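Only one structure is covered here, and it is reproduced in the block below.
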Amino acid sequence: MKRQTFNVLFFIRKTRTVKSGETPIMLRITIQGQLAEMQLKRTVKPELWSQAKERCTGKDSKSVEVNRYLESVKLRLYEIHRTLEDENKLINPIEIKRRFLGLDEKHKMFFEVFQEHNDKCRELIGKDYAKITISRFDTCLRYFKEMALKKYHLKDIPMKEISHAIIQDYIHFLKTKKDLQENTVIRYMKVVKKITNMALANDWMEKDPFINIRFHEQEVHKEFLTKEELETMQNKVFDVPRLDLVRDIFLFQCFTGLAFIDVSELKAEHLVSDNQGNLWIRKARQKTKVMCNIPLLDIPLAILEKYEGHPLAKKKGTLLPVPCNQKLNSYLKEIADLCGIKKNLTTHTGKHHTISI
């Protein structure tokens with residue numbers, strides 16, 4: 001393992017004073033540019049402190065005792081550092097601080113709690129959660145782990161150490177490294193806030209790291225196709241089967257107004273006939289749980305018939321062989337180019353269409 005720079009610094013903050021006029025002595029642990037600070041249980045008069053020597057300059061018994069204490073602290077920190085090296089563990093300031101404070105090895109860790117939360121929610125798919133929601137939880141956790149490893153060289157973070165600064169760093173990481181827009185970032189941060197709220201409720205952390213952090217969703221101008229653009233796509237002949245399938249899924253959304261998740265989970269049990277023999281889609285929306293009643297027009301009905309018995313749909317027990325949302329959006333961009341449509345097509349575009357009967 002490459003040897004890391006390890007520094008221990010004692011200093012005082014003159015802005016913090018107690019009634020006696022003394023100021024607390026602070027400790028800063030620095031490793032590879034990452035640092036952790038804490039206040040020690042010793043105070044000193046500012047005029048008796050030498051920052052150059054990081055010691056008290058007084059000759060009285062209290063000053064002598066403080067200097068001995070600081071020496072013992074430094075020795076203890078170097079001992080912890082050597083132990084971590086011997087254990088071949090990832091060394092970081094937070095872990096050294098944690099061991100110095102004598103925190104239980106089994107105290108709650110952020111990523112561990114996050115993973116447990118995701119696993120429990122996964123067991124409730126189809127009851128309280130949709131599969132795509134759990135996927136967002138997992139992605140949020142994966143991105144946070146990536147940020148922590150790159151910026152802090154940490155594989156996990158003690159729950160008590162999740163701070164306002166770490167949350168801000170994660171927001172910055174999502175926007176700069178993952179190129180996510182504000183509204184998407186907000187969705188991820190709601191997941192993180194759910195974890196920290198749970199930790200606060202269980203006394204696993206003391207301070208809310210989201211204090212003074214405010215989110216403002218940006219207004220989204222939803223694009224939709226004109227009648228001419230829709231007809232162009234509808235009449236376009238694709239030689240590539242995957243493009244033909246994605247176009248049909250998109251058209252099905254346009255003519256039903258269903259969201260991606262509702263189309264992907266559409267089953268035979270969701271089709272009902274009225275007194276005149278006309279077919280309707282009767283299904284509770286996955287997101288809102290509101291029951292919808294949608295007439296099946298000729299085009300979506302023809303699409304259902306086209307893919308009746310498709311191997312993928314048969315395997316999933318659904319009416320349509322719907323690929324994952326990411327693939328759909330990727331192929332829709334390709335379809336837009338082939339159709340000469342200068343708009344950013346996504347599954348959301350299809351959802352927001354209204355087709356007149």
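A few remarks follow.
- Condition broken by ILE29, with the remaining ones in (1) open to solvent by less than 40 Å² (accessible area, probe 1.4 Å); (2) more than 21 Å from GLU161 (Cα to Cα); (3) touching a residue at least 24 places away in the same chain (Cβ under 8 Å) satisfied: (2)
- When ASN118, ASN183 are checked against the criterion of being of a type outside the set (Val, Ile, Thr) and modelled with pLDDT of 95 or more, a single residue qualifies: ASN118.
- Annotation: VAL191 fulfils all but one of (1) under 30 Å from MET159 (Cα atoms); (2) modelled with pLDDT under 90; the unmet one is (2).
- Residues in region 288-334 that are farther than 24 Å from ASP274 by Cα, among the aliphatic types (A, V, I, L, M) and in contact (Cβ under 8 Å) with a residue 40 or more places away in the chain: VAL322, LEU328, LEU332.
- Residue identified as touching an Asp or Glu at 6+ places or on another chain (Cβ under 9 Å), assigned to a helix (DSSP H, G or I) and farther than 21 Å from GLU95 by Cα among CYS121, CYS140: CYS121
- Filter result (in contact (Cβ under 8 Å) with a residue 24 or more places away in the chain and either open to solvent by less than 30 Å² (accessible area, probe 1.4 Å) or β-branched (Val, Ile, Thr) (or both)) within region 70-94: LEU70, VAL73, LEU77, HIS81, ILE91, ASN92, PRO93, ILE94
- Test: residue in region 148-163 that is of a type in the set (S, T, N, Q) and in a loop (DSSP other than H, G, I, E, B): yes
- Here LEU328, LEU332, LEU338, LEU319 are screened, and the one residue that is over 15 Å from LEU266 (Cβ atoms), open to solvent by less than 50 Å² (accessible area, probe 1.4 Å), at pLDDT 85 or above and aliphatic (A, V, I, L, M) is LEU332.
The values are calculated or read from the model by the stated rules, or taken from the named source; none is laboratory data. Worth saying up front: this structure is predicted, and the values here are computed from it rather than measured. Quick reminder, even Gly has a Cβ in these numbers, built from the backbone with ideal geometry, and neighbours come from all protein chains shown. The protein model used for the area step is the full one, side chains on, heavy atoms only, and it has no ligands, DNA or RNA in it. Shrake-Rupley method; radii C 1.70, N 1.55, O 1.52, S 1.80 Å.
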